[in-house]
Structures are given as structure tokens and as C-alpha cells.
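What follows is calculated from the coordinates using simple rules that are stated; it is not laboratory data. Everything numeric here is computed off the predicted structure, so don't read it as measured data. Heads up, the Cβs are rebuilt from the backbone with ideal geometry, glycines too, and the neighbour counts pull from every protein chain shown.
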Amino acid sequence: MSTEKQVRQPWVVGVSGASGTPYAAAVIRGLLAAGEAVDLVVSRAARLTIMDETGISFRDAHWRQDLAQWTGVEELDDVRHWPAGDFAAGPSSGSYPAKGMLVVPATTGAVAGIALGLSKDLLQRVASVTLKERRPLVVCLRETPLNGVTLKHLVELDAQGAVVLPASPGFYAGGSTARELVDFVAGRVLDAVGVPHRLYLRWEGELGAGGKAG
């Protein structure tokens, strides 16, 4: 019997300061429900947005209880949190065995920093590492309208191999509540990296005449 210890391979979830922190919470819930490990990086601006949108103060010293309150998930044994200013964090190195990164939501500033390789904070650094290691990177932009500069940055991210996934909920799945629309976007993020979930009702095609698939 092999005694080799299994290497932990988390998905890094980067939360920037854009409005839309419920998308991040839903993605984290989806990953954990699928049995995936999660490494979390919350930018300084994102902490203010979390406070504005939920009333929760996300603190490094109490991140576990704050995350449980934010996501509604109590079992957080396979979650690690890395402060946004910690450039010595595990995911800042290409040798760290991450599966990939999901930036949810992404500000236009984060998009620019990642596209240009600025690495101004740990979130941007991990995204740059993800690209250079050819690992999956999903950038979930929640901003509208978009100016030409941001559009160029998004095209650059696509050229580098990232998946640009705007936070654009679909209504065909029957979502009628804010939670259902949030879960739709979170589900699409997980779809992009092949993580199974049951966050939304999938399209199966319309029925034609006589009740048969048309």
C-alpha cells in the first residue's frame, strides 16, 4: 500500500473590489460542494465592498469566521486564506500546486494589472503566475459600460489564454430571484474550469411540434 501523501491542489479564488461579492461567495460554495480545495485572496478594496454589500467586516485575524458568515459555509477545513499584501504566499510561486485561478468579481483595475503583468498585489501576482504556468484563469468582470482601454486589456487576457467571463446572468434557466441569477454566473465560472455543480438549470433545447425535440 502506498504511503505517499496526496498533494493538495486548490483553486485560487481572487476577490477584487468590484461590486458583485455575492458571485465570489457562490463560487466558493460551489467549489467546496464539489469537494475542491480553495485558496482565497481578498484585495483591500474587496474588503470594503464586502462590508458595503453584506455588512460583514472581513479581517485577516478572524477570516475563518468572517468567511463562514459571508458564504454560509461552516465546514472550511480545506480553505486557506492569504493576505493581499503577502507576496511570500504559497500561490505567488509557480511551484505551488494550484489548479488555476478564478478572479470573481474582477475590477477594471485588476483586469489592467493582470493583462499588463503589474503584480501590484497578491491577487495580480497569482494571476500572472497562473498565466505563465499555463493554468486555467477565469476573469469575471462586473463592470458596464466598458471603455476602449479595458476592451483592449480583455482582448490581451484572451490572447494570453485566460477565459474572459462577464458577470452576465442568463434568464432561460428560470431564475427569478437574485440568488438564482448569482448562482447562474457562479455556475458558468465553474463550467469554464470543468468543476461539476448543480447551481443552475441547463439548457436542453426547445421541444418542436408534437413534443419532440426540434
Cβ-placed point charges (K, R +1; D, E -1), dipole of the stretch 11-211 about Cα centre in debye, nearest 20
420 debye
In the chain, if the dipole is taken from +1 on Lys/Arg beta carbons and -1 on Asp/Glu beta carbons about the Cα centre, which of ALA112, PRO22, LEU67 is farthest to the positive end?
ALA112
Cα-based shape type of the stretch 1-140, given that a ≥ b ≥ c are square roots of the gyration tensor eigenvalues and the cut on a/c is 1.5
oblate
Ranked packing of 49-56, 66-73, most packed first, by mean Cβ within 10 Å:
66-73, 49-56
Residues TYR96, TYR23, TYR200 in order from fewest to most other beta-carbon atoms within 10 Å are TYR96, TYR200, TYR23
Of the DSSP beta bridges with both residues in the chain, give the percent that are antiparallel, rounding to the nearest 5.
5 percent
I'd like the orientation of helix 178-192 relative to the chain: the angle between its Cα long axis and the longest Cα principal axis, in ° from 0 to 90, rounded to 10.
70 degrees
Which angle between 0 and 90 degrees, to the nearest 10, do you get for helix 122-132 versus the longest principal axis of the chain when only C-alpha atoms count?
70 degrees
